[in-house]
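The structure appears right after this line, and notes come after that.
The values are calculated or read from the model by the stated rules, or taken from the named source; none is laboratory data. Predicted model, so just to flag it, every value in this text is computed and none were measured. Cβ placement follows ideal geometry from the backbone for every residue including glycine, while neighbour counts extend to all protein chains displayed. The accessibility values were calculated without ligands, DNA or RNA, using every heavy atom of the protein model including side chains. Shrake-Rupley method; radii C 1.70, N 1.55, O 1.52, S 1.80 Å.
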Amino acid sequence: MKFFIDTADIAEIRDLAATGLVDGVTTNPSLIAKSGRDFLEVLAEICDVVPGPVSAEVAATDTQGMLAEGRALAKVAQNVAVKVPLTPDGLKACRTLSGEGTAVNVTLCFSPAQALLAAKAGASYVSPFVGRLDDIGSDGMALIAEIVELYMAQPELETEVLVASVRHPMHVVEAAKMGAQVATLPPKVLRQMFQHPLTDKGLSDFLADWEKTGQSILKAGSAAQ
Ligand code: E4P
C-alpha cells in the first residue's frame, strides 16, 4: 500500500518524507487555506520534496474552468495529480485531462456508483472519504470494501482506490487488508502508526539492562570488568 500524506504544511512534509515512508501528498482547498501560503508556490515546493504524486485541487466548478485550472496546475511539476470533484463537470474534465496524460484524482466520492463513474472517466485515483461518512453515522470502511470489490470485478478499470478522510490508524490497517492501493494520512495519523506502549516500555527496559553491561557497541572489548 502506498502512503500519501494529507497536508500542505511543508515542514510536516519534509519531516515525514525523511522517514522514507511517504509515496505522495494530497492537498485540498481547505489545507491550502490552512497553510496560509500561495497555492502554486507551495505546490511547487511540495513537488520538489516528494517525487511521488502530489494532488492539487481545482476551484472551478465548470468543465472549461477546471480544464484551464487543471492545465495550469499540471504545469507546476511533472508529478502533479489534478484533483477534480465527483460531479458531471468534474468527470468531463477528468476524461480530457487524463487523455492529455495528466494524472487525475477524483475527489469527494461517497458511493460505489460514483467510484464506477470516476474509473470510466479515466481517473488515476478515486478518493472515497471514510471519516466524513463515519461522521454522519455511516460506515466509511464498508464503502472502501465495496469499491475494491467492484474494481476487482472489472479488471479493465485501472483506477487506484485512494482512501481519504482518514481519522486513525485502524482506517489505514483495514484499508490495507481490503486491498486499497493508497491511503492519504494526516501527519498525526502517520505518527500514531509508530506508537505502541509496549514498544516504549520494551525499549526502556532493554536500554536499562544494556547500561548495566557497561559496554559500547562501537568500542570493541568495552565490557566493564
Ligand atoms: C484528501 O484528498 C481529502 O481532501 C482529505 O483526506 C479530506 O479529509 P477530511 O475529511 O479530514 O477533511
When only residues in segment 102-115 that are open to solvent by 30 Å² or more (accessible area, probe 1.4 Å) and touching a strand residue (DSSP E or B) at 6+ places or on another chain (Cβ under 7 Å) count, which is nearest to the ligand (Cβ to nearest atom)? L108
Checked segment 153-170 for anything within 15 Å of the ligand (Cβ to nearest atom), assigned to a loop (DSSP other than H, G, I, E, B) and farther than 14 Å from A121 by Cβ; matches are S165, V166, R167, H168
How many residues are in contact (Cβ under 8 Å) with a residue 40 or more places away in the chain, open to solvent by 50 Å² or more (accessible area, probe 1.4 Å) and in a helix (DSSP H, G or I) when one looks only at segment 179-190? 0
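Is it fair to say A119 is modelled with pLDDT of 95 or more and in contact with a Phe, Trp or Tyr (Cβ under 8 Å, 6 or more places away or on another chain)?
yes
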Determine if segment 202-216 includes at least one residue that is surrounded by fewer than 10 Cβ atoms within 10 Å (Cβ to Cβ), at pLDDT 95 or above and among the basic types (K, R). yes
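So, Q215, is that one more than 30 Å from I10 (Cβ to Cβ) and of a type in the set (S, T, N, Q) or not?
yes
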Helices (runs of 4 or more DSSP H) lying entirely in segment 1-99 (those with 1 or more residues that are more than 16 Å from the ligand (Cβ to nearest atom)): 10-17, 39-49, 63-76, 88-99
Going through segment 130-178 in order, the residues found to be small (G, A, S), open to solvent by 30 Å² or more (accessible area, probe 1.4 Å) and closer than 19 Å to Q114 by Cβ are S138, A142, A145, A153
State yes or no: is E12 among the acidic types (D, E), out of contact with any strand residue (DSSP E or B) (no Cβ under 9 Å at 6 or more places or on another chain) and either modelled with pLDDT under 95 or open to solvent by less than 60 Å² (accessible area, probe 1.4 Å) (or both)? no
Subset of segment 121-152 [within 11 Å of the ligand (Cβ to nearest atom) and farther than 26 Å from V80 by Cα]: L133, D134, D135, G140
Exactly one of these conditions fails for A118: (1) under 18 Å from V22 (Cα atoms); (2) within 16 Å of the ligand (Cβ to nearest atom). Give me its number. (1)
